[in-house]
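Here's the structure we're looking at; comments come further down.
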Amino acid sequence: MLQTDRPTTARLLDLPQEHWGNGKGATRLIDAHPSADAEEWDWRLSLATLAENSEFSPAGGVVRIVTIASEGPVQLNLNGTCHELSLGMQAQFLDTDRAAITLGGYEQYALNLMVRRGKGYGSVEIEHLRGSRVFEPTNLWHRIVVLAGTVQMEDGTELGPLSAINPTDSRLALRAEHAMLAHIVVAAIS
C-alpha cells in the first residue's frame, strides 16, 4: 500500500496480492482511505489481475471506475450491453449494475477505483505524455499510474508500466518520450 506523506513509487506487480474467493483473479491494494480494512474505507484503489471470465462482486454502496491496464481487449458486459475495452479505456458503474468480464484467453490487468456513495467523487483521467508534465500540489487525494511507456522523475528515477507514484505536497515533474498515464483523483464530501 502506498499511503504515506512523502513521495513514493511502487511497481504494482511487486505489491502483495489477495486471491479472490472465486479463484478467477487477484487484487493488489494500491491505497485506501482512511483504512485498508475491508469494511472501513471510503475509497480504495487497487490493481486487479483478471485471470478468468468473471462477474464483478457486489461491494456495498460504491461507484466503480475500471480502467484497463494491459493491452486487452476485455469484453465488459454491463447490464446486458457488451463493451470492448483495451489499454486506457474505462467504464464507470454502480455496484447495483450487473457487470461481468470476458477475457478472450489472456490474463489482463485493470485499475479498480471504488468510491463509497456519499463519501466522495472519483475520476481517472488518461493522459498521453510526450515531453514534460508538472503535477502541482493539491489538497485532493491522487495517484499516478504508468500504463504504457517509461517516465522519468526529476531525480532520474525511471518508472515503467504498472508503476504508481504517490505525489507529495510539492510539485511533481515527469518526462517521457511517449507514455500513457492514469491520473486518479478523489475529492471527499465534507
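The table below gives the values:
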quantity: D_trans [Stokes-Einstein, Kirkwood Rh over alpha-carbon pairs] for segment 64-190, 10 °C, 1.306 mPa s, µm² s⁻¹; calculated: 101
quantity: Rh (Kirkwood; distinct C-alpha pairs) - segment 19-78, Å; calculated: 12.9
quantity: Label-point separation, Asn22 to Arg171 (7 Å along Cα→Cβ), nm; calculated: 4.7
quantity: Reference-scaled alpha-carbon Rg (2.2 N^0.38 Å with N residues) for segment 37-106; calculated: 1.10
quantity: Translational diffusion coefficient (Stokes-Einstein; Kirkwood radius from C-alpha pairs) of segment 115-190 at 4 °C, 1.567 mPa s, in µm²/s; calculated: 100
quantity: Three-way shape label, segment 73-112, alpha-carbon gyration tensor, a/c 1.5; calculated: prolate
quantity: Point-charge dipole on Cβ atoms (K/R +1, D/E -1) for the chain, about Cα centre, debye to 20; calculated: 240
quantity: Distribution of pairwise C-alpha distances over segment 1-125, 10 Å bins, in %; calculated: 13, 46, 35, 6, 0
quantity: Solvent-accessible surface ranking, highest first, for Met153, Met89 at 1.4 angstrom; calculated: Met89, Met153
quantity: Carbon/sulfur fraction of accessible area - segment 49-190, other protein chains in place, 1.4 Å, %; calculated: 48
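The values are calculated or read from the model by the stated rules, or taken from the named source; none is laboratory data. The model shown is predicted, which means the values in this text are computed figures rather than measured ones. Reconstructed Cβ throughout: ideal geometry from the backbone, glycine too, with neighbour counts over all protein chains shown. Just so you know, the surface numbers come from the protein's heavy atoms only, side chains and all, with ligands and any DNA or RNA stripped out. Shrake-Rupley method; radii C 1.70, N 1.55, O 1.52, S 1.80 Å.
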